[in-house]
Amino acid sequence: MGEGAWYLLLEVDGLLASLVNFFEQRSLRFSFPELNNKHFQLYLFKIAKNNFSTNFFHKFNIDLPSNIAKSVPKRQREYFFGRMAARYALAALDIEQFRVETGKWREPIWPEGTIGSISHNERYAGATVLKATQMKGIGIDIESVLSEKSQLALQNTAIFQSEIRYLQDHGLMTIPGSVLSIIFSAKESFFKAAFPLVRRYFDFDAVSLVDFDNNRKVLLLEVRQDLCPTLQPGVVIPIHFYWLDGNTILTYCGLQGSGN
Ligand SMILES: CC(C)(COP(=O)(O)OP(=O)(O)OC[C@H]1O[C@@H](n2cnc3c(N)ncnc32)[C@H](O)[C@@H]1OP(=O)(O)O)[C@@H](O)C(=O)NCCC(=O)NCCS
């Protein structure tokens, strides 16, 4: 369960102490009951849309890769705030001045001996980092509730008939946008958590929804493919979810590395 309040992060500029900007930042703690209550801290920024400029990269000493420099402002903002969140997550482990680069599979490259995850949507950017001795994989995903058009697009590409049938049979399709968003996001969290172990892309049918508990805010995904030695068909992975606001879901997945 998350906790913590938003607070303003003030950045001052040298001796003049002029206020260069402020960002709303928050830190939330989540735990995995099935993993002996191992927990992680999520560093979350509200994305400041107004007055955002690529100067922020220089001002806050965040690298601006050429592909991001050439991308649309939305992507630039999300990348910037995702890296800001990562900076706070790393600082909590006493790791300062580390630049989180991007690997050939678009994955963030964390310092040796750590694992982590980044996610962003148009409203929030979050990151977490843990010591690799604590868990083998961590994945977070922030997702806005899907529009009707996106819900349709997901069916049979990311969410399949057997899963829809499960939801219908259990009376869970009353608010399809919310439920499908959670499942889609859960699969992306799983992907991010599993990636350091699997080291390749795999599709959404690699796992399948087998349980959805809206009271406990947890769902179960069953692995359907041979992904890696610890993620074999039949292994069941709990994914937790938490509403950041009425329109934004956070899902998170922790992997122990021994078939959970
Ligand atoms: C990679 C992916 C999961 C990112 O999710 P998204 O909703 O598009 O975007 P998010 O904002 O939540 O996450 C983006 C961040 O994910 C991280 N990410 C990207 N690729 C990653 C990978 N291979 N492994 C781990 N993390 C990755 C990056 O940090 C990225 O942010 P950045 O580019 O600013 O550094 C998604 O784009 C994707 O490619 N999905 C297809 C694979 C998949 O999900 N299969 C389903 C398996 S069940």
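Quick notes
- Qualifying residue in the stretch 145-161 (condition: within 16 Å of Glu34 (Cβ to Cβ) and either in contact with a strand residue (DSSP E or B) (Cβ under 9 Å, 6 or more places away or on another chain) or surrounded by 20 or more Cβ atoms within 10 Å (Cβ to Cβ) (or both)): no
- When residues of the stretch 63-107 are limited to those that are hydroxyl-bearing (Ser, Thr, Tyr) and within 19 Å of Phe45 (Cα to Cα), the one surrounded by the fewest Cβ atoms within 10 Å (Cβ to Cβ): Tyr88
- Matching residues, the stretch 109-129, being over 16 Å from Ser189 (Cβ atoms) and either within 11 Å of the ligand (Cβ to nearest atom) or surrounded by 12 or more Cβ atoms within 10 Å (Cβ to Cβ) (or both): Ile109, Trp110, Pro111, Thr114, Glu122, Arg123
- Of Ala132, Ala158, all but one fail to be at pLDDT 95 or above and more than 9 Å from the ligand (Cβ to nearest atom); the exception is Ala132.
- Count of the stretch 58-106 residues which are of a type in the set (Lys, Arg), farther than 16 Å from Gly126 by Cβ and not in a loop (DSSP other than H, G, I, E, B): 3
- Selected residue (criterion: nearest to the ligand (Cβ to nearest atom)) from residues of the stretch 202-238 that are of a type in the set (Val, Ile, Thr) and buried (at least 16 other Cβ atoms within 10 Å of the Cβ): Val207
Per-residue answers, yes or no, for (1) outside the structural domain of Ala206 (by TED's automatic domain parsing); (2) without any contact (Cβ under 8 Å) to a residue 40 or more places away in the chain; (3) under 19 Å from the mean Cα position of the chain (by Cα):
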{"residue": "Ile118", "(1), (2), (3)": "yes, yes, yes"}
{"residue": "Glu122", "(1), (2), (3)": "yes, no, yes"}
{"residue": "Ala127", "(1), (2), (3)": "yes, no, yes"}
{"residue": "Gln155", "(1), (2), (3)": "no, yes, no"}
{"residue": "Val179", "(1), (2), (3)": "no, yes, yes"}
{"residue": "Glu188", "(1), (2), (3)": "no, no, yes"}
{"residue": "Ala194", "(1), (2), (3)": "no, no, yes"}
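- Residue count for the stretch 107-143, restricted to those that are assigned to a loop (DSSP other than H, G, I, E, B) and among the basic types (Lys, Arg): 2
- Long-range neighbours under 8 Å by Cβ, at least six apart or interchain, first residue over 18 Å from Asn61 (Cα atoms) and touching a residue at least 40 places away in the same chain (Cβ under 8 Å) within the stretch 91-108, second near the ligand (Cβ under 7 Å from one of its atoms) and in a loop (DSSP other than H, G, I, E, B): Trp105/Tyr201
- Just one of the numbered conditions (1) modelled with pLDDT under 95; (2) surrounded by 14 or more Cβ atoms within 10 Å (Cβ to Cβ) is not true of Thr174: (2).
- Options Phe195, Phe241, Phe184, Phe191; residue that is away from the ligand (no atom under 11 Å from the Cβ), outside any loop (DSSP other than H, G, I, E, B), surrounded by 17 or more Cβ atoms within 10 Å (Cβ to Cβ) and modelled with pLDDT of 95 or more: Phe241
- Checking Arg106, Arg99, Arg77 one by one, the residue that is under 24 Å from Phe190 (Cα atoms) and basic (Lys, Arg) is Arg106 and no other.
The values are calculated or read from the model by the stated rules, or taken from the named source; none is laboratory data. If you're wondering where the values come from, they're calculated on a predicted model, not measured in any experiment. Note that each Cβ is placed from the backbone with ideal geometry, even for glycine, and that neighbours are counted across all protein chains shown.
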